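The values are calculated or read from the model by the stated rules, or taken from the named source; none is laboratory data. A quick note: this is a predicted structure, and the numbers were derived from the prediction, not measured. Cβ atoms come from the backbone with ideal geometry, glycine included; neighbour counts cover every protein chain shown.
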Amino acid sequence: MRLVKLNTRLLCALIVIALIAEAAGLAWLYLKYEDLGGRYRYTTWSIAIKSMRYLKSEIELLLYLLDNNPDIHLMEITARNAAEHSTVAATALLVLHTSERDLKIYVLHVALSNLEVYLNSFANNPSSERIASLRENKELLEEVTSIFGEIIMTYHQSPNNVRDSLVSRLREIS
């Protein structure tokens, strides 16, 4: 009976020692790879910013074509490219939101997704009524490019400092 108690105590002591060693190993791994999350977030935000930069340029080109050369085929291609960049930026923001749980990032994702839907609907049916719709929304699209310009230039390092007023205005427009 005494031998069984001794074995049980020894087994419990070994289990405790193994758990302590495992906890120390996990703490070491956490400290070693803690910065990886920061680099991951920065890289994801950089992808979103780059796509927003291209999206801004494509929207500006679309508005230029609307004023100067309303070639439907060229506008269709431009709208498709803009929608694709909107998709990439929205997806990157969704990934970033998943890791940070920041509502501001999610609202940016939703605004870019809505913009993607608008641009895809234009690209899939660039009829005269769609062009009229584009003309009606010209001022809003110019404001969108202005907001993207400010986000790109001012907040290219981190999404955490993007002003709430920019995010809410972008959400209203979309």
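Take Leu96 and decide whether it is among the hydrophobic types (A, V, I, L, M, F, W, C), more than 18 Å from Glu142 (Cβ to Cβ) and touching a residue at least 40 places away in the same chain (Cβ under 8 Å).
Yes.
Results for (1) within 17 Å of His109 (Cβ to Cβ); (2) surrounded by 10 or more Cβ atoms within 10 Å (Cβ to Cβ); (3) at pLDDT below 65; (4) touching a Lys or Arg at 6+ places or on another chain (Cβ under 8 Å), shown as yes or no for each residue.
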| residue | (1), (2), (3), (4) |
| --- | --- |
| Cys12 | no, yes, no, no |
| Ile15 | no, yes, no, no |
| Ile20 | no, yes, no, no |
| Ala23 | no, yes, no, no |
| Lys32 | no, no, yes, no |
| Leu36 | no, no, yes, no |
| Arg41 | yes, yes, no, no |
| Trp45 | yes, yes, no, no |
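Please indicate, with yes or no, whether at least one residue in segment 61-79 is surrounded by 17 or more Cβ atoms within 10 Å (Cβ to Cβ), closer than 13 Å to Leu115 by Cβ and free of Cβ contacts under 8 Å to residues at least 60 places away in the same chain.
yes
Does segment 126-135 contain any residue that is surrounded by fewer than 17 Cβ atoms within 10 Å (Cβ to Cβ), among the basic types (Lys, Arg), at negative phi and more than 21 Å from the chain's Cα centre (by Cα)?
yes
With the structure loaded, tell me whether Ser51 is surrounded by 20 or more Cβ atoms within 10 Å (Cβ to Cβ) and either at pLDDT below 85 or under 26 Å from Asn161 (Cα atoms) (or both) or whether it fails that test.
Answer is yes for this residue.
For residues that are under 16 Å from Thr44 (Cβ atoms) and aliphatic (A, V, I, L, M), scanning just segment 143-174, find the one that is surrounded by the most Cβ atoms within 10 Å (Cβ to Cβ).
Ile151
Looking at this structure, is His109 in a loop (DSSP other than H, G, I, E, B) and either at pLDDT 90 or above or under 24 Å from Ile47 (Cβ atoms) (or both)?
no
Hey, does segment 105-112 have a residue that's farther than 19 Å from Leu94 by Cα and out of contact with any Lys or Arg (no Cβ under 6 Å at 6 or more places or on another chain)?
Checked against the condition, which is being farther than 19 Å from Leu94 by Cα and out of contact with any Lys or Arg (no Cβ under 6 Å at 6 or more places or on another chain), segment 105-112 yields no hits at all.
Pairs only if they're at least six apart or on different chains, beta carbon under 7 angstrom, first in segment 154-174 and assigned to a helix (DSSP H, G or I), second aromatic (Phe, Trp, Tyr) and modelled with pLDDT of 80 or more; list them, first residue then second.
Qualifying pairs under 7 Å: Pro159/Trp45.
Give me the pairs: first residue in segment 118-130 and in contact (Cβ under 8 Å) with a residue 12 or more places away in the chain, second residue outside any helix (DSSP H, G or I) and of a type in the set (Gly, Ala, Ser), beta-carbon distance under 9 Å, and six or more apart or on different chains, which are they?
Pairs that qualify, where the first residue is in contact (Cβ under 8 Å) with a residue 12 or more places away in the chain and the partner is outside any helix (DSSP H, G or I) and of a type in the set (Gly, Ala, Ser), are Tyr118/Ser174.
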